[in-house]
Amino acid sequence: MNTLKVHINLPKFALPAYRAFFEEFAWNKGIDLVFAEAENALIIGANPKADFEISKGFLNQLDHLNFHWKDVFGKESPLVKTEKGKPDLVSTALYMLFSGQEYGRFTADAYGRFPYAKSYQAHFDLVEVNRVQEIFDALADHEKVKPFVKVRERENAFFLSHDNDQFHQSWKEDGFWALKKGEIGGLLKILSKHVQGKPLWRNMVEIMDLEHQFGRKSTFFWLVENKNTPEGFTNADYEFSSKAVTKLYQEIKERGWRNGLHKSLLPKSFSEEMSKFPNPPTTNRNHFLSIQVPETFLEMEAAGIRLDSSLGFAESHGFRNNYGLPYRVFDFKGNRSLRLIEAPLHIMDASQRTYQKRSPEQAEKCLVEFLDKNPKNLNCGLLWHNKFFSDYKFRGWKEVYKSLLKKGEHWGHFDPDAFLSSRLSE
C-alpha cells in the first residue's frame, strides 16, 4: 500500500491543527496519508531530530492563541523559527493557511473586517505570493515524502462570481454620469429602462450571454434583505421575492449557472436569510466581505452553508491567506476542522476602482501581472459586480473582465458541487 505514514509527536492540544494541515497538504499533493505510530513514519515534532521540527515558541502561541503576526513572525521576515533559528515551514504555512493573524488583536474597520493595512501581507509585501503553496512544494521534496507525491502542480481554474447588490440605482448613478458627459441619448435610454421597470443593472442575462461566449459559467450571489443597517450601510435595492427576480433566478438555474446567498449586513441569521430561497443555498459570500474569523464560519456551518467565498481583502487583489486553492476551514478557537470549504477570493473589481483608484486600463495591467506571477496552483476567485458591466458610469470595466477571461482561456472551471462531494466526504 503506497501510503505515507505521518507521526505527529506534539502536545495533545496541537494535534487537531497539525492533522488538519497535513490533510490539506496531502490533498494538494495527491498523497495517500495515514496518521500512525513513529516506526517508519514521517516525524513531526518539537525536537531537532524530527523530520519537520516544530517551534516550541509557536506551540505556546497556539496554546494561548497569542496570534498577532508581529508576535508570530517578528518584523523582519514572515517565517516561524525554532529556538535555534531554524525555519519552521510547517507552522508558518499552518498559520497562514488557516488565517491565524485574524485571531490576533486588531481593530476592525467600519464593516467589521480585518483591515489589509494591518496585515502581515501589507507589511511584508506578500499579498501576491502563494506562499503556502511554495511551502507545500518544499515539504513535498523531503526524501520521506517525495515517493508518495502524485500531484506536482495543479492547473489554474476560474471561480467566477457576481454579487447582485443593486439594480435600481442605475438611473441615478448611470444617469448622472451620462448627464455630466453630455450623453443625452444614453440618459434617455437609462431613464426609459427605469420607467419600464427594466433597470440596466438587472443584467444577469447579458452577463450569462457574455460568459457563454468564453465557455464559462458563474455564480450569482443574491441579497435577500433590502433594509439598511442602523449605521446606514446598504443592502439590496430590490425585492428578492419579486416576480422579475424570481423569473431571473429560475433562468439562471435552468441555464446551468449557480445561485448563492449574499449574506446581508443585517443582524439576521444565515438560516433566516437562506429560508427565503426557493431551495436553500449551500454557497455564500458575505456582503462587503464582512466576516469575522472564526465566528462567521461557525454560523455558516451551523446553517448548512458548505462553501464560502468571502476570504479576500476588499482593499487589494491577492491572497488573504497566501493560498491559491480551496481548503477546509479550521477553527483555532474550537480546535477542529469545520464542514465548510473556503474558496478564497483573489480579484474584485471594487478593490481596483474604489480602493486602489485605478482606471480600467491600470487595473487590467495590474491584474494580468498578478495572474502571470501565478501560472499554476491558482483557483482564481474572480468577483465582478453586476453594475461593473454598465456602459455608463462603469464604462471600460466590462472590457477588463473580458480581458481576464481571455487571459485564462485555457484554464479549468471550478465546480463547487464536485469539490464539495470529494472534500467533505472524507
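Couple of notes before you dig in:
- Computed magnitude of the charge dipole of the stretch 126-174 (debye, nearest 20; Cβ of K, R +1, Cβ of D, E -1): 420
- Antiparallel bridge percentage (DSSP; both residues within the stretch 4-148; nearest 5): 10
- Each Cα pair under 8 Å and six or more residues apart adds its sequence gap; the mean of these over the residue count of the stretch 363-426 is a relative contact order of 31 percent.
- Listed pairs LYS86/LYS376; LYS263/LYS387; LYS81/LYS333 exceeding 20 Å between Cα atoms: LYS86/LYS376; LYS81/LYS333
- For the stretch 242-316 and the stretch 339-378, distance of Cα centres in Å: 21
- Phi to ³J(HN,Hα) by Karplus 6.51 cos²θ - 1.76 cosθ + 1.60 over the stretch 195-203, Hz, x for Gly, Pro: 5, 6, x, 10, x, 5, 7, 8, 10
- Separation between Cα centres of the stretch 163-182 and the stretch 216-236, rounded to whole Å: 17
- Result for the chain in a Gaussian network model with C-alpha springs under 10 Å: among LYS189, LYS376, LYS81, the largest mean-square fluctuation is at LYS189.
- Under a model in which nothing but the beta-carbon of Lys, Arg (+1) and Asp, Glu (-1) is charged, the stretch 4-148 shows a dipole of about 340 debye around its Cα centre.
- Cβ-based charge dipole, the stretch 4-148, positive-most Cα from PRO147, ALA93, VAL72: VAL72
- Think of each Lys and Arg Cβ as +1 and each Asp and Glu Cβ as -1; about the Cα centre, that makes the dipole of the chain roughly 640 debye.
- In order along the stretch 308-323, the Karplus-derived 3J(HN,Hα) couplings, from 6.51 cos²θ - 1.76 cosθ + 1.60 at θ = phi - 60°, round to 10, 9, 9, 7, x, 7, 5, 7, 7, 6, x, 10, 6, 10, 6, 9 Hz, and Gly and Pro are given as x.
- Considering only HIS7, ASN235, PHE21, and ranking their Cα positions along the charge dipole of the chain that arises from unit charges at the beta-carbon of Lys, Arg, Asp and Glu, the one farthest toward the positive end is ASN235.
- Highest-fluctuation residue, VAL195, VAL80, VAL34 considered, GNM on the chain with Cα pairs under 10 Å: VAL195
- Equivalent ellipsoid dimensions for the stretch 316-423 as semi-axes, Å, which come from the Cα gyration tensor, largest first: 28, 16, 13
- Across the alpha-carbon set of the chain, the Rg to Rh ratio works out to 0.99, Rh being the Kirkwood radius.
- For the chain, share of DSSP beta bridges that run antiparallel, in % to the nearest 5: 15
- In this simple spin-label model, placing a label point 7 Å from the Cα along the Cα-to-Cβ direction at both THR229 and SER359 gives a separation of 3.4 nm.
- For the stretch 243-249, 3J(HN,Hα) computed residue by residue from phi via the Karplus equation (6.51, -1.76, 1.60; θ = phi - 60°) reads 4, 5, 6, 4, 5, 5, 4 Hz, glycine and proline entered as x.
- Comparing GLY260, GLY232, GLY312 in a Gaussian network model of the chain where C-alpha atoms under 10 Å apart are linked, the largest mean-square fluctuation is found at GLY232.
- Which listed pairs, of LYS198/LYS247; LYS29/LYS402; LYS189/LYS398; LYS172/LYS406; LYS227/LYS398, have C-alpha distances above 24 Å, in listed order: LYS29/LYS402; LYS172/LYS406; LYS227/LYS398
- Three-way shape label, the stretch 1-47, alpha-carbon gyration tensor, a/c 1.5: oblate
- Among ALA46, PHE106, LEU223 the positive-end extreme of the charge dipole of the chain (Cβ point charges): LEU223
- Helices in the chain, meaning DSSP H runs of at least 4 residues, each add -39500 (n - 2.57). Divided by all residues, the mean residue ellipticity at 222 nm is -10000 deg cm²/dmol.
Every read-out reported here was derived from the displayed coordinates using simple, explicitly stated rules and does not represent laboratory data. Just so you know, these numbers come straight off a predicted model, no measurement behind them. All Cβ positions, glycine included, derive from the backbone under ideal geometry; neighbour counts span all protein chains shown.
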